[in-house]
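K.L.:
Structure in structure tokens, see below.
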Amino acid sequence: MRTQARVLLTGRDRHPGDRSAPPIAYRGGPRSGNREAARPWRIVLVVALTVVLAACAAPQPRATDTAAPRAQVPAPVAKRILALDPGHVTAADVALLAQGPTPRLMLLHGGIYPVYLIMRSFGEFLVAMGYPEDRIRRPGDGAWSYSPYEDAERLAGIVAWYYEKDGLAPLLVGHSQGGMQAVKVLHVLAGEYAGAVPVWDPVTDFPEHRTAIIDPLTGRTQPVVGMRIGYASALSAGGAAFFLPNQWSLIGKLREIPDTVEEFTGYWVDFDFIAWTFPGTEKERDFYGSDKVRVRNMTLSMANNHIFVPLGADVPGDPAARKWIDAYVPGTTVAPPETAAPNLPWLADVWYTIKKFWVIEAQRYLRAAPMRTTTAGGTLE
């Protein structure tokens, strides 16, 4: 198992300054020189105008209207979370973390039907390991993951909306085309697709008339473009997917990770006909970034199958596999159980990094706003 790492930058870049929302243009119906012929169009216009005015008059939902208040964390719980080591999170620590602030986890599945079920299996694995289910599943339809055919700017707007609502930046985990989508979202946040991106409410599934949020930890204006998240990963991204038009914009920049994420991990199956990764091609397939982002690359055994790597719902029920996962750290020399599936190192590595940034994001949240802790059962000193 080979890993490659670069320097980790702690803290999230902040870019004060607001940007106005793009104007919305309205167009009327066709015009005609014949008044009688134009009369039906006038009726249609009157009805349409009435509907528009009625909609404008009604209060439109905003992030603050549709979101529950941020949870108050009991002081003893907050104190114990602040004492955790992000690099060594035990099963008992996970149970503790679940009582405190938890970042939204956005899973992005591959593009071939019905691979969304594979990512659902991974989501169920995470829940069985202790991650709160309601921090994974999408509001509204309850889906476990996002499609790679959704607009990346929309997803970037959702990332910003969640951060403003929760006070914790979402974590992104993508598989196949979903891994490409995760990288694309990072490039959108870097401003490489548009100079301004609207905030997107995932509850109503409509964009808001603004392109910036109020950073909940600093109180400053933060445009969507320029926002930085903690963690993202991509599994078996690229290859044959570049034949699809929705991925053409990533040609030449899939492997280049922008500074809009603190840590990124790329995973490759050593012999993958779909992602076009083969032994000896590390220089051509590995991700890289500047010294402001930590980039790791991990090669998985060729015994893995491109499509089925995220399967994991049943793994936590295997005591030997779960024990190995709980003890896992990147670079471990302890071999997985002999009976384990070949994807166990991927499951363990992603879970390790999710736990790590769960702690990091929770600690940022608590340190930035100690008043979010309650005094019941003690005080936070």
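K.L.:
Which of (1) open to solvent by 60 Å² or more (accessible area, probe 1.4 Å); (2) touching a residue at least 24 places away in the same chain (Cβ under 8 Å) does residue 279 not meet, given it meets every other one?
P.N.:
(2)
K.L.:
Just give me the residues in the range 163-176 being of a type in the set (Asp, Glu) and open to solvent by less than 20 Å² (accessible area, probe 1.4 Å), in sequence order. Show your work before the answer.
P.N.:
Within the range 163-176, the first condition is being of a type in the set (Asp, Glu), and the residues that meet it are 164, 166.
Residue satisfying the conditions is 166 alone.
K.L.:
Run residue 288 past the list (1) of a type in the set (Phe, Trp, Tyr); (2) at pLDDT below 95; (3) open to solvent by 20 Å² or more (accessible area, probe 1.4 Å) and report the number of the one that doesn't hold.
P.N.:
Failing condition for residue 288: (2).
K.L.:
Now a separate question. Whether any residue in the range 246-254 is under 30 Å from residue 300 (Cα atoms), in contact with a helix residue (DSSP H, G or I) (Cβ under 6 Å, 6 or more places away or on another chain) and either of a type in the set (Gly, Ala, Ser) or crowded, with 24+ Cβ neighbours inside 10 Å (or both) is what I want to check.
P.N.:
Among the residues of the range 246-254, not one is under 30 Å from residue 300 (Cα atoms), in contact with a helix residue (DSSP H, G or I) (Cβ under 6 Å, 6 or more places away or on another chain) and either of a type in the set (Gly, Ala, Ser) or crowded, with 24+ Cβ neighbours inside 10 Å (or both), which makes the answer no.
K.L.:
Considering 60, 99, which residue is of a type in the set (S, T, N, Q), open to solvent by 70 Å² or more (accessible area, probe 1.4 Å) and modelled with pLDDT of 55 or more? Before the answer, list the steps.
P.N.:
Numbers: 60 fails: modelled with pLDDT of 55 or more.
The conditions single out 99.
K.L.:
Could you give me the residue pairs with C-beta distances under 6 Å whose first residue belongs to the range 339-364 and is in a loop (DSSP other than H, G, I, E, B), whose second residue is open to solvent by less than 10 Å² (accessible area, probe 1.4 Å) wherever it lies, and which are 6+ apart or on separate chains?
P.N.:
Cβ pairs passing all conditions: 340/321; 343/309.
K.L.:
Got at least one residue in the range 73-81 being more than 30 Å from residue 211 (Cβ to Cβ), at pLDDT 95 or above, surrounded by fewer than 16 Cβ atoms within 10 Å (Cβ to Cβ) and touching a helix residue (DSSP H, G or I) at 6+ places or on another chain (Cβ under 7 Å)?
P.N.:
yes
K.L.:
For the list (1) touching a strand residue (DSSP E or B) at 6+ places or on another chain (Cβ under 8 Å); (2) touching a residue at least 60 places away in the same chain (Cβ under 8 Å), I need the number of the one condition that residue 271 fails.
P.N.:
Looking at each condition in turn, residue 271 falls short on (2).
K.L.:
Please determine, by comparing only the residues of the range 177-208 that are open to solvent by less than 20 Å² (accessible area, probe 1.4 Å) and of a type in the set (Gly, Ala, Ser), which one is farthest from residue 306 (Cα to Cα).
P.N.:
Per the criteria, the residue is 182.
K.L.:
Under 6 Å by Cβ, and 6 or more places apart or on different chains, what pairs join a residue from the range 135-163 that is closer than 19 Å to residue 117 by Cβ with one that is open to solvent by 10 Å² or more (accessible area, probe 1.4 Å) and among the charged types (D, E, K, R)?
P.N.:
So the pair list comes out as 144/120; 144/137.
K.L.:
Assuming residue 253 fulfils every condition listed in (1) of a type outside the set (Asp, Glu); (2) touching a Leu at 6+ places or on another chain (Cβ under 9 Å); (3) farther than 23 Å from residue 309 by Cβ apart from one, which condition is it?
P.N.:
Unmet for residue 253, out of (1) of a type outside the set (Asp, Glu); (2) touching a Leu at 6+ places or on another chain (Cβ under 9 Å); (3) farther than 23 Å from residue 309 by Cβ: (2).
K.L.:
Turning to a different aspect of this structure: Limited to the range 310-331, what total is found for residues that are in a loop (DSSP other than H, G, I, E, B) and modelled with pLDDT of 95 or more?
P.N.:
Here is the first cut: in the range 310-331, the residues in a loop (DSSP other than H, G, I, E, B) are 310-314, 318, 328-331.
Now narrow it down to the ones that are modelled with pLDDT of 95 or more: 310-314, 318, 328-330.
Result for the range 310-331: 9.
K.L.:
Looking only at the range 209-239, how many residues end up being part of a helix (DSSP H, G or I) and buried (at least 23 other Cβ atoms within 10 Å of the Cβ)? Step through it out loud before you land on a result.
P.N.:
Within the range 209-239, the first condition is being part of a helix (DSSP H, G or I), and the residues that meet it are 239.
Within this subset, residues satisfying the condition of being buried (at least 23 other Cβ atoms within 10 Å of the Cβ) are none.
Selection size over the range 209-239: 0.
K.L.:
Turning to a different aspect of this structure: Out of the residues in the range 258-276 that are open to solvent by 60 Å² or more (accessible area, probe 1.4 Å) and under 17 Å from residue 346 (Cβ atoms), which is modelled with the lowest pLDDT?
P.N.:
First, pick out the residues of the range 258-276 that are open to solvent by 60 Å² or more (accessible area, probe 1.4 Å): 271, 273-274, 276.
Narrowing further to those that are under 17 Å from residue 346 (Cβ atoms): 271, 274.
Values: 271: 81, 274: 88.
Among those residues, the one meeting the criterion is 271.
K.L.:
Right, next: Select from the range 91-132 the residues that are in contact (Cβ under 8 Å) with a residue 40 or more places away in the chain and polar (S, T, N, Q) and write down the one among them that is farthest from residue 174 (Cα to Cα).
P.N.:
102
The values are calculated or read from the model by the stated rules, or taken from the named source; none is laboratory data. Keep in mind it's a predicted model, so treat the numbers as computed, not measured. Please note: Cβ atoms are built from the backbone with ideal geometry, for glycine as well, and neighbour counts cover all protein chains shown. Just so you know, the surface numbers come from the protein's heavy atoms only, side chains and all, with ligands and any DNA or RNA stripped out. Shrake-Rupley method; radii C 1.70, N 1.55, O 1.52, S 1.80 Å.
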